[in-house]
Every structure is written in C-alpha cells, then in structure tokens.
1. Please work out the FRET efficiency for the pair residue B:55 and residue A:364, using the Cβ-Cβ distance as r and a Förster radius of 56 Å; give the result to the nearest 0.05.
2. Using a 10 Å cut-off around each Cβ of peptide B:332-342, what is the average number of partner chain Cβ atoms that fall inside?
3. Take every residue in peptide A:40-48, count the Cβ atoms of other chains within 10 Å of its Cβ, and give the average of those counts.
4. Could you give, in nm with one decimal, how far residue A:141 is from each other copy of that position, shortest first, with labels 7 Å out from Cα toward Cβ?
5. Note down the nm distance, to one decimal, between modelled labels 7 Å out along Cα→Cβ at residue A:198 and at residue B:131.
6. Between residue B:327 and residue A:209, what is the label-to-label distance in nm when each label sits 7 Å out along the Cα-to-Cβ direction?
7. Please find the FRET efficiency linking residue B:90 to residue B:242, where r is the Cβ-Cβ separation and R0 is fixed at 30 Å, and quote it to the nearest 0.05.
8. Would you mind classifying the range B:9-94 by shape? Square roots of the alpha carbon gyration tensor eigenvalues, ordered a ≥ b ≥ c; an a/c under 1.5 is rounded, otherwise it is prolate if a/b is larger than b/c and oblate if not.
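Taken together, the values in this text are just the output of simple stated rules run on the coordinates, not laboratory data. Here the structure is a predicted model, which is why all the values come from computation and not from measurement. FYI the Cβ positions are ideal-geometry reconstructions off the backbone, even for glycines, and counts take in every protein chain you see.
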C-alpha cells in the first residue's frame, strides 16, 4: 500500500486536541485525512483534508463517513460501535478494532476481561444499576470506589464511597463497586502495536498529585520509581495489549500499591494525555507511532531523548468566555518549555485548553521548571 | 499583544515546504495564519486559516495581502520588495525587515555589505552585466566563481570559470566574479533574533559532500570540526545578524578555508534547509524560534538534545509524474529515522520533495544510518 502523497484516505472519528496532534504527523507524512466531529469549531478542523460535521454516536453518520475512507481510526471512545462493527465486517480496516473497543467502552466488561485473562486489577463487583448495588450494600466493605460503567471521563463517574449516604447523589445507572486499594503511585504505560504484531512500550510515566487537592499536577517521564517496579508495569501493559490483540496505541493506567504490586486501573485505546510529553521528549511521539501502527508501518523508537514533564492547562474557576493565556510569554522564556494550545476559543472552568511540556537532560531541573510553569501561567478569559 | 487563540493574524508570503513546517508551530500555538502563494496546490495550503492564490512578485497582490494581517513574514526571498517597504512605512510589522531583504536579494549588494562591515568574505568584483565582465577579463585571475546577483537559487546562477570559454553559455545579466578559495568544509549557522534584541545561535552544522558528485549529501549537527573553528563561525554569524539589525532567522552559510579561516558565503533570511535537523534534534526547532522571534516572544533553547543528520529527498533523474517514495517503509524501521514529505504530488528530476532526519545520541551511528537511508529510499514516479 502506498500512503505517502497518494489517494489513500485515513478517517479520524473525533476532531479534538488528540486528533489535532495526530494531524501534525499525517501532514508530515503527507497522508490524506478526513475528520468527523460534531463541532464546527473542532481543533482538528484545520490541517485535515476534509472536515465533516456530524454526530459520532449516530449509526448512519459514522457508517457513511467510514465508507469514504481506506482506514478508520478514532481519537475518542464515545463513537457508534455498531457502525464500526458493520464497517469492519464489510472489510474496512478499523484500528483499534471495534472488538477491543467493545471490551473497553463498558468498565464492567473491561474489568471482567482483566479477571478472565489474569491481569492484576482491584477486586470488584458489577451491578445493573444503583438500586441493585444498594440492595447488596451489606456485602460490600466500606470504603469502596463506585464507578459508572459508561460515559465517564476525566474523573467524572468515579466516587469514593465512605458512608452509605455518599450513594445518595449518584445516578441510577449500571456501575461497579471496586475495592479501594491504597497506592503509592499512579503510573501509566503506552503500548504500541501494529497489525503485523510488532509491539513496543513507552517508558513508565508517573502522575504526581497535588498534596492536598488530589488532582494530577504533573505527568513525569521517566517515573521516579524502582527499576523493578517499572519493568513489572511495562510487562503488564504489554500483556494487556497482547490480550486485546490490539492495534494502535493503548494507554494502560496502573497503580503501584503500598507493597509494590502493580495493578491495572483502566485503559484507553488511543493517544493519551499521559503521552503528550513524547512530542518533545521521545525519539518518536505517541502520535507518530499511532499513525505508524494503524498503517502497519514499522514502529518508531519509543525511548526518550531527555526527561519530559507535562503540565495540563485547564480553564481556571470563575472564568468563562474568550480565552487568554496569562503569562504565557513569561514561561516561553524558560529552558525547554513548549506550550501546546489546543485551539479552543472559549475557556470554561476545568476545560482542557492545552498543555505545557518541559524537557531537560536533568529530571530534577525539569521538575523545578514545571512547578514554576504551573504557578505562573493562568487560563482565564478577557 | 495577545497572539494565542486570538484575532491576531500572521501573514506568510510563500506556501512551500518552509511555510508548511512553520505552520506546524503556528497551529501548536493556535496563531491565525494567512498564506499567499501562486500555486493552488502549495504545501502550506492546508493548516493555514486562509489561503490566497497570487503572484508574490506583483506589487498590488503583496500589498493587499499585507493589509489583511497584523505581522507579515516570508518563507522565500523572491517577493515584491516595494510592496513590503510601503507596508512597513505604513506601520505594518514586516519581519525580516525589507531593509535587510534589500541588502540580501542582490548578491552584489550583499557582498558590498560584508566588505563595508568587515565581515570576512571572498574577494569579489561587481559587474553590471556579462559583457562588462568580459571587457575586464584580463584583470581577473582564473579560475574564479561567476554568480548572477539575482534570482539564483540552489546552485543555479553559480558557475566556476576555469577558462574564458566557460563564460560563453552564461546570460548577460548583472553578476559578480569571486575569487575561488579552496575550502575544507562548508558550514552553516542559524541565528535567531527578536525585535527586543534577544539573539541566539544554533550549533554549527556541516555540509558533507558526495566525494565525486560535488553535491551536498548530508547536513550534520554538530559539525565535526575543531571547537575553535566552531566558535569562530558562531561569532561571525552573530555579527552578521547584528549588523543587519535582523529580526527572525538568518541562515549564514560559510566556508572553512584550508588554514582554518571562516568566511561568509551567503545568507538566507528565513528558515533554512540546513536547520531542518532541528525539528527532531533541538530543544526548539528553527521554525518555532522563527515564530517566537517575529512575534517578539522570548527565544527557545537552540541547543541539541541529540545529534541530528539530514538527508534531502529530491526527485530522481528520469522520473516525472505522480510521486512514489520507494522503500520508505523500510527506512521507517530504522532507529531515529523520520521522513518529512512536503506534499508535492508530482516529482521531477532534482525537485525537493522532502527530507529525512536521523537522530541518535551517537553521531557516528547517526551517520551510518544516514548513509543507509540515502542509499535505500528513492523518489520516483509510478
């Protein structure tokens, strides 16, 4: 197959920042792209060859879009799965496969998959709905973690239940109750696999949390953990991707427990926030490797050139409207600092507006600069 | 001034591969761009906010385009200078300044500028036209280098005159005769300067020539030369940029003579082929730094993370038509190899179609892989 400067067309479902960053690499390789997104102001609208506005959850919209392209991928999991399955059955290359997506979209199914494949994960129980869970509350040990099985993202749909009354405000939807396992570190490993079976893992990254706010502040690569724990995490991530027969990127989020066990929390079958550092720090960025993987090209080197730390830029509380990045000029003057602005005109509290990568040959120096960045730049409105 | 996700508009004259690579960074910073190019199939057509088709040498076209934007830059020197001057006089920020471009566009004027500012360069004489040169041929020592003063590029418009009959095929245009100075190495340094006066140089790169064909095969960073020569080259390049009161990138091409003097050959006031390695190898690529400079933002770190070598991809002789990059899948499997395909549908003999960067912590290893790349990939037509 000839992809470069040819008539070959790659379709991307979703036109957010992940798609936008993937488009850098399709442009670098001069690969034609079609993008489908519900918003006419999607960050990916520019830099794709053709943009289509439409509902990603609508069967006909997704199916008809898929018919226009030669390979189909997605940058968001919330897409019409039945349309993907029909397209795959009709012979279209859909990567990652809807078979995998079906195992991931529902967290209950995802957890069952780990259990069936001996992949370490926190013990859990599935419930059809909240009423169902409540009726069996006496069998559950407090505290536990409630998770709705579908449509949750970025911490939405997850709640720690310390007392029975904590259940009061929750929606009556399908859910799981997961044993709460105290952990030392939240880790992630991005795995990359192509249809020919070539498979590589990126180094382990570490999410550093704000000491009080319980919010991820920094994604740090490489994780500042024991080499043995890192090896274990990479081996588990590799195993998960292989068990899924996955094609493309798989971001595997894990916990390092108090006694240095590593357990899988959840996965995302696409480029991931925890891999953004790779644009500046890695020999091959996660986006380029996703593209290589779904086109069955050889995978690029996943090693790092230098240490990388990523700081998310989210809209500050109390500000809505046309965005201003206060002090961005200031942080641009610091060593190894690169902002990525996603291209959303309007900020809202906690909206993901961009990220900043800090690279340095010395990870301690990078961490210091990252803290300065975090404390200096503000995403507000004018 | 607020550039990011705002109504600010950057205009770019020229929509070739240099503009295309610059657009990656305008997208990363979410800066609006307008592009003007004569070809409707220009590589920059995609990824800019608005594309205008028009003649870059036409006064009205360039002037009217300039009136639409807040800052104007160019990725090619062959633009209507009078229009730029009028726009600058009317208060538009035009970077690099047309004042500098006027000193560079004509090689005779450029050489006079070096002489007037004590910048080392090969001795030369200016002639109004070839007849004029011929009439004074007895004063010139053979061999010498004939250069037409305008509209030459990529070795066009340059000829070594060993015998008087070598002049026969030349056009009767304004020209210079330059003393031929044998050199050990062809070097280049990219300088970056913003309107506030912040100035940085990239490391010295070395052009490695094919032993027989006298054609640049590899651009190597850092140059494998004595540190003292490197320091001299960087100091001279810095001096040239400062003398021009330059804003933006200035690529300074130099020769290292047999006795380790460094003399200036010529300059280009824009991102340059000799800086393409910086996308993968540098903390801040030449394109990002050009953008930072012309927007008067702080400059990024020009140091390298790793060694970088660039191989140009030019159309092979004997092939014209729809391009195919033979064996590109193969080279993608090698360590640290990234192809950049410019997005031109049709190849022609010697047309610049792309480049390949090879990065590695070990420059010798990078050089080996670069040679394999050079000998493996072929730009042909189907």
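1. Numbers: r = 55 Å, r/R0 = 0.97.
Calculated value: 0.55.
2. Details: counts 9, 6, 3, 5, 6, 5, 9, 4, 4, 8, 4.
Across the residues of B:332-342, the mean count of other-chain Cβ atoms within 10 Å is 6.
3. Details: counts 0, 0, 0, 2, 0, 0, 9, 6, 2.
Going residue by residue through A:40-48 and averaging, the value is 2.
4. So the label point of residue A:141 gives 9.3 nm to the other copies.
5. Reported label-point gap for residue A:198 and residue B:131 is 6.3 nm.
6. For the pair residue B:327/residue A:209, the computed spacing is 5.3 nm.
7. Numbers: r = 27 Å, r/R0 = 0.89.
With R0 = 30 Å, the Cβ-Cβ based efficiency is 0.65.
8. Details: a/c = 1.98, a/b = 1.33, b/c = 1.48.
It comes out oblate by the Cα gyration axes.
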